[in-house]
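The values are calculated or read from the model by the stated rules, or taken from the named source; none is laboratory data. Quick caveat: nothing in here was measured; it's all calculated off a predicted structure. Every residue, glycine as well, gets a Cβ built from its backbone with ideal geometry; the counts of neighbours run over all protein chains shown. Note: areas computed on protein heavy atoms with side chains; ligands, DNA, RNA excluded. Shrake-Rupley method; radii C 1.70, N 1.55, O 1.52, S 1.80 Å.
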Amino acid sequence: MPAAVIWLIFALVLAGAEALTGDMSLLMLSGGALAATATTWLLDWPVWANAAVFVVVSVLLLVLVRPALRRRLTPAKGLPTGIKALEGKSALVLGRVARDEGQVKLDGQVWTARPLNDDDVYEPGERVTVMQINGATAVVFKGM
């Protein structure tokens with residue numbers, strides 16, 4: 001069996017194994033094996049030269065191409081959505097916020113509110129920060 005065919009089979013096996021891992025490392029090694037296939041077929045170099053081509057091309061692909069490819073294919077962390085997006089936002093106190101009562105205007109909507117610390121009381125017109133959303137209640141705190 002010609003050496004070029006062996007390198008080609010090796011490249012295909014590595015590419016197939018990459019489908020199982022998704023790490024992009026085996027795909028880069030497969031690229032090195034394809035380069036070795038090309039040099040074997042086109043240039044009829046000795047085995048050690050083809051192996052050197054495999055190593056050099058694989059290392060270059062691993063160092064230069066793989067990081068950029070992973071950045072491109074890895075989904076970015078999205079912005080928080082739903083109630084997580086409301087945490088940390090500023091709210092306007094509409095009705096006195098105490099342990100068992102209170103309303104704030106948050107993102108254009110009126111929310112039931114309670115203070116983070118049970119002893120705190122916030123009067124209408126004050127600005128508070130939403131620390132968390134607990135069910136349909138905004139837990140608020142007024143920073144110093």
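For ALA138, the residues whose amide H sits under 5 Å from its own are THR112, ALA113, ARG114, ignoring neighbours fewer than 5 places away on the same chain, with H placed 1.01 Å from N. Among beta bridges from DSSP that stay inside the chain, the antiparallel ones total about 80%.
Region 27-81 and region 90-131 have Cα centres spaced 57 Å apart. Listed values for region 53-67 are Karplus-derived 3J(HN,Hα) couplings in whole Hz (6.51 cos²θ - 1.76 cosθ + 1.60, θ = phi - 60°), namely 4, 4, 5, 5, 5, 4, 5, 4, 5, 5, 7, 9, 8, 4, x, and x replaces Gly and Pro. So what is the relative contact order for the chain, in percent, with contacts set as C-alpha pairs under 8 Å and at least six apart? Relative contact order, the chain: 15 percent. Of ASP119, ASP107, the residue with the largest accessible area leads and the full order is ASP119, ASP107 (1.4 Å probe). Residues whose amide H comes within less than 5 Å of that of GLU87, counting only those at least five positions distant or on another chain, are absent (H built at 1.01 Å from N in the peptide plane).
What region 55-144 shows is 69 Å² of accessible area per residue, with the surface traced by a 1.4 Å probe over protein heavy atoms.
Nearest 0.05, what FRET efficiency do ARG71 and TRP41 give at R0 = 22 Å with Cβ-Cβ as r? About 0.10, to the nearest 0.05.
PRE reach from SER90 (point 7 Å along Cα→Cβ): which of region 127-143 fall under 17 Å by backbone N? Those under the cut-off are 127-131, 140-143. Using θ = phi - 60° in the Karplus curve 6.51 cos²θ - 1.76 cosθ + 1.60, the 3J(HN,Hα) couplings for region 102-110 round to x, 9, 10, 9, 10, 6, x, 10, 8 Hz; x is entered for Gly and Pro. Rolling a 1.4 Å probe over the protein heavy atoms of region 8-144, with every protein chain left in place, gives an accessible area that is 63 percent carbon and sulfur. Within the chain, the longest run free of exposed loop sites, counting trypsin sites (Lys or Arg not before Pro) that sit outside DSSP helix and strand states (H, G, I, E, B) and have at most 16 other Cβ atoms within 10 Å, spans 1-76. Cross-link partners of LYS105 among lysines, defined as those whose alpha carbon lies under 26 angstrom from its own and excluding same-chain residues fewer than eight positions apart: LYS84, LYS89, LYS142.
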